[in-house]
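Accompanying notes for the structure given below.
Quick note: the coordinates plus some simple rules give every number you see, no bench work behind them. Predicted model only: the values in this text are computed from it and were never measured. FYI the Cβ positions are ideal-geometry reconstructions off the backbone, even for glycines, and counts take in every protein chain you see.
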Amino acid sequence: MANVTIDKVIKRYGAAQVMHGVSVDIEDGEFVVLVGPSGCGKSTLLRMLAGLEEISDGTISIGGRVVNDVLPKERDIAMVFQSYALYPHKTVYDNIGFPLLMAKRSKAEIAEKVKGAAEILDLTKYLDRYPKELSGGQRQRVAMGRAIVRDPQVFLFDEPLSNLDAKLRVTMRIEIKELHQRLGTTIVYVTHDQVEAMTMADKIVVMRDGRVEQIGSPLDLYDNPVNTFVAGFIGSPSMNFVHGKIASDGSSRVFQSDSGLKLPLPQTTAAEGQAVTYGVRPECVRIGEGGVEMEIVAVEPTGSETQIFARSGSDLIDALVKERISARPGSKLGFVIDPEDVHLFDRKTGQHI
Amino acid sequence: MRKPSPIIGLIFWSLVSLLTLFPIYWLFVISVKPAVQLFSTPELILSDPYWGNYAKVWGDRLLRSYMLNSVIISTGNAVICTVLGFFACYALSRFNMSGKESIFFWTITNRMAPPAVFLLPLFLLMTQVYTVGDWKLLDTRIGMILVYCTFNLPFAIWTLRPTVDGIPKELDEAAYVDGASSWQVITQIVFPLCRPGLAVTLILTWVFAWNEYLLAATLTNFNARTLTTGLSEYVTTTGTAWGVMATISVFTLIPALIVFGLVQKHIVAGLTFGAVKG
């Protein structure tokens, strides 16, 4: 186990700079998820941690030791790849035992550790098989076995579940979490799936275009996003955004969208007339009397909840409610928003007000 | 859509096989006939074979030394070309070098000209330049191995490149993270995975050298003469020993057939390797 410090890391490919001074502190035993859209630099950062990419500037330390110029094999890390990267010509036993073989451990020790890892991952009866004879989930577990058998200081996971079907992904998510609880090793995990990030992480690092947008616990990011990017990225379905300004409605102040829709405002320092983006999560929009009347565009029931898309002028609002709604598209419903659930962002900079 | 009857396919491919294999059969027929019967009315079905040609060829010490030369030269050439070709492909596949695609293209250019073009310069190099005291590369086994390497190494690089490119780089990276050195990545991961391609390259370069006549006939006199050049010695002013020549040809053919048969599975796998995304 070890802490990891990423300090002002920069990555350049020739003249193009793709990472711009990224800094992240990872505590000993923490499960940190790097999340962001494709091309945000999360995998590059993980590969720099693994020693598979050079660091152009800044430092990366593992367990207090700067590892910028340290070879991957000397970093005491283990990595699980998106494609699993199992050695196709080796059996499951030899795949899991490969890192120990490279470390010149005795045959007896290799056998003991491989069997131990196989038991943890329920792979004992597959040890003589080749990777091509395994299912996706089993291959994934072999890749994890190869990682845990070394007892490394840090585990690195590069989108390990993206090749699995939805059901298996949920199962493997739980298995990885259980593994973390059992081993207590520091984990750095890359994904583009915010649900994976929210459900697994102790700490999430949201990245965009080679920069860190926000670092925090899953609920902290959900409740207090610093900008529209984080607000829109974290949470599923994603947050509603309506563009408009602060206006007065008699004695009180309200939000008025560009198409004239008036919505309740929370306590804010924003001045009257200021251009803002109004953000509210779909699950914070309720249906009720006295709410803002909007026209239903579509109703999507999933059984446990119903997602409703409604329109007022050019503004679209997405609501996620527990009730089963029989309203048809074209009819009107009242939508209630609690001002306490509203986030206001500066329209120009996108930063939270 | 109706599937065509397998009988038609069977008949078609049997005919094609017959056409392809008939010259080999006929070569064998000639080799087991005495000289007097060679130009009589041909018999399709072999009766009363005559093994005198085989006894003559096998008993000829000179021909046995030619065969040994052929084995050593072909094998040496094939091993060197395959090993060096593999390392060249690994470098081309895994490392960023400026102009590497140009290097890859230009390596094959010497296969674009007829080998006869290189005869004079090679002869001069082997007699005038590559010499140590009185020792010359001309008419030596190592000389012939190197000559064949100049032609077969580019071919080996071209054959092996798709194979090495087809091994995902993530496997190298996984092995590096698992604690392997560069040498261990090559020997334990990439090399074993390239086996089908390596087998194809080994066999084809071996066969090219084994069958080659022009360079061997020009660049050897006595010590390093190969079996193919031995054939020409039976065309003399007093006549051509067809039966003996056919027997030598059978001897030339047998090792190639055995080697092909042994690695046939790998050859098919190697030729189609990387053709489709796995």
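Listing for the model above:
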quantity: Least to most buried among A:ILE204, B:ILE258, A:ILE325, A:ILE55 (fewest other Cβ within 10 Å first); calculated: B:ILE258, A:ILE325, A:ILE55, A:ILE204
quantity: Proximal lysines to A:LYS107, defined as alpha-carbon separation beneath 19 angstrom and excluding residues fewer than eight positions away on the same chain; calculated: A:LYS90, A:LYS115
quantity: For segment A:246-322 and segment B:97-133, distance of Cα centres in Å; calculated: 77 Å
quantity: Restraint check, A:LYS125/A:LYS177; A:LYS11/B:LYS169; A:LYS262/A:LYS322; A:LYS42/B:LYS100, Cα-Cα greater than 28 Å; calculated: A:LYS42/B:LYS100
quantity: Where labels lie 7 Å past Cα in the beta-carbon direction, separation of A:GLU295 and B:THR127 in nm; calculated: 9.7 nm
quantity: Normalised per residue, the volume of the convex hull around the Cα set of segment B:73-270 (Å³); calculated: 150 Å³
quantity: Sequence-distant residues sharing a close amide H with A:VAL285 (under 5 Å, placed H); calculated: A:LEU320
quantity: Cα-based convex hull volume of the protein assembly as shown per residue, rounded to whole Å³; calculated: 272 Å³
quantity: In Å, descending, principal axis extents of the Cα set of chain A; calculated: 81, 46, 33
quantity: Hz values of 3J(HN,Hα) by residue in segment A:243-257 - Karplus curve (6.51, -1.76, 1.60), Gly and Pro given as x; calculated: 8, x, 8, 7, 10, 9, 10, x, 8, 9, 9, 9, 8, 10, 6
quantity: Average partner coverage of A:97-104, which counts Cβ from other chains inside 10 Å; calculated: 4
quantity: Euclidean distance between Cα centres, segment A:34-71 to segment A:156-173, Å; calculated: 22 Å
quantity: Those lysines that a straight Cα-Cα span of less than 25 Å connects to B:LYS56, excepting residues fewer than 8 apart in one chain; calculated: B:LYS33
quantity: Backbone N within segment A:307-323 under 12 Å of label point (7 Å from A:ALA275 Cα along the Cβ vector); calculated: none
